[in-house]
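Let me begin by presenting the structure, written as structure tokens, before commenting on it.
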Amino acid sequence: PERFFRLFKQLESNFVGRDDFLPYIKELLNDHPGLEFLSNHAEFQEKYAVTVITRIFYSVNKCHSGKITLRQIRRSDLMQAFQQVDDEEDINKVTRYFSYEHFYVLYCRFWELDHDRDYRITREDLLKYGDHSLSHMIVDRIFDAAPRPFGKNDDSKEFLSYEDFIFFMLSEEDKANEVSVRYWFTCVDVDGDGKLNNMEMRSFYAVQLHRMQCMGHEIVPFEDMLCQMMDMIKPINSDCLIAEDFLQQECCQVSGALFDALFNLNKYLMFEQRDPFVERQKREDEFETDWDRFACIDYNRLALEEEAREEEAMEIDWVTVDDEDEDGEEFSGMAALASEAPF
């Protein structure tokens, strides 16, 4: 670990910063067979590098200081991931940090929300995430209180950068790890006392109740929901919850359901209507984490959508060949629209 640490950090520094990883990622982009197809796409090479580095900081720099220490490297799987990406020709098998498919999912989701293409997400943009699954209350807390990978600046409360969005999305799609638990706990612990009390939970859940009512879903009273969640989490103190309650080994796979109950209506309803057979299948499948499972499913969705767009473009192309002079101008406009997608 010491040699690995010295290899990346600046000579006078006692930490590794985000820019310190750039030379290695550039070498990887130049030499790795799994990334060769990006060689003529400088913009996406840059976005891939940003994604990999931000994912490293998400998992390794758990205090979110933007500075990775030797101790943090020792406690992480970073060296093994770098070794694996050197040895493995299929970049997508390196699911820790380097997978191109994972980058594609993160960047496409960001792109779908960033309608004005300024590489910043507003509160209104984020409310559209996951088919409007998040409550306005949690979106406000994400902007006001959620951890940011490389610190906050003057307009942090108005926008999420791409790096901030990566932190959000990794936390949203996998609530069964320590980083995401602490991310969401910070958001729902409104008074910042390190304890989640009934009043805080009730205020978040009131928004969910209103949404259930508006959408015609069966209402689950706060007391019933809380009783069910407490039975699953088994907190140390029944009067309040602390972050460590969510991290107990026996309940970390289900404790994320409480966060969904408080602010993600779609996922909470899915949890309420879950099929035990499907749940067992998930426990026995090939994926190591909820994020890996989500990224695989979402990549396949995006690939099918891209395929459908290409087929549509080919059909338009054939029409254009039949009547090139008349329709040429219209087709060039369609092609420009299709190329608006990131890949």
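Keeping every protein chain in place, order 277, 271 by accessible area at 1.4 Å, biggest value first, i.e. largest first.
277, 271
In the range 140-233, what is the volume of the convex hull around the alpha carbon atoms, normalised per residue and reported in Å³?
131 Å³
Is the shape of the range 75-165 best called rounded, prolate or oblate, per the rule: a/c under 1.5 gives rounded, else a/b larger than b/c gives prolate, else oblate, with a ≥ b ≥ c the square roots of the Cα gyration tensor eigenvalues? Present the calculation step by step, with values, prior to reporting the outcome.
Numbers: a/c = 2.51, a/b = 1.85, b/c = 1.36.
It comes out prolate by the Cα gyration axes.
Among all the lysines, which ones have a C-alpha under 22 Å from residue 67's C-alpha, if same-chain residues fewer than 8 places away are not counted?
9, 26, 47, 152
Please identify the helices of the chain, taking whole runs of DSSP H, that span at least 18 Å along their own axis as judged from the Cα atoms and have a mean Kyte-Doolittle score of -0.5 or higher. List each step's numbers first, then the result.
Details: long enough: 42-60 (27 Å, 0.37); 100-113 (20 Å, 0.03); 198-214 (24 Å, -0.44); 290-322 (49 Å, -0.71); 324-338 (21 Å, -0.58).
Once both thresholds are applied, what remains is 42-60, 100-113, 198-214.
Do any GluC sites (Glu not before Pro) in the range 54-136 lie in a DSSP loop with no more than 11 other beta carbon atoms within 10 Å, and if so, which?
The qualifying sites are 89.
Counting other C-beta atoms within 10 Å, and keeping those with at most 11, which DSSP coil trypsin sites (Lys or Arg not before Pro) do you find in the range 122-227?
Here the sparse-neighbourhood loop sites are 152.
Could you grab the relative contact order for the chain? Cα pairs under 8 Å, six or more apart, rounded to a whole percent.
Working: 348 pairs, mean separation 49.3, N = 343.
Across the chain, relative contact order equals 14 percent.
Rounded if a/c is under 1.5, else prolate if a/b is larger than b/c, else oblate: which is the range 263-303, with a ≥ b ≥ c the root eigenvalues of its Cα gyration tensor? Intermediate results must be reported in sequence, preceding the final value.
Details: a/c = 2.08, a/b = 1.21, b/c = 1.73.
In terms of gyration-tensor shape, oblate.
With a 1.4 Å probe and all protein chains in place, put 205, 119 in order of accessible area, largest first.
The ordering from most to least exposed comes out as 119, 205.
With the dipole of the chain worked out from charges on the C-beta (+1 for Lys and Arg, -1 for Asp and Glu) around the Cα centre, which of 248, 37, 151 lies farthest toward the positive end?
248
In the range 214-301, which GluC sites (Glu not before Pro) are in a loop and have at most 15 other Cβ atoms within 10 Å, using DSSP for the loop call? Intermediate values should be presented prior to the final figure.
Values: sites: 218, 223, 244, 250, 272, 279, 284, 286, 288; in loops: 218, 250, 286, 288.
Passing sites in the range 214-301 are 218, 250, 286, 288.
Starting from a Cα-only point model with no solvent, please compute log10 I(q)/I(0) by Debye for the range 1-106 at q = 0.12, 0.13 1/Å.
Each listed q maps to, in turn, -0.38, -0.45.
Alpha carbons only, please: Rg and Dmax for the chain, in angstrom.
22.2, 75
The values are calculated or read from the model by the stated rules, or taken from the named source; none is laboratory data. Given the structure is predicted, the values throughout are model-derived calculations rather than measurements. Note that we place each Cβ from the backbone using ideal geometry, even for glycine, and neighbour counts take in every protein chain shown. Each accessible area value is taken on the protein alone, full model and side chains, heavy atoms only, with ligands, DNA and RNA left out. Shrake-Rupley method; radii C 1.70, N 1.55, O 1.52, S 1.80 Å.
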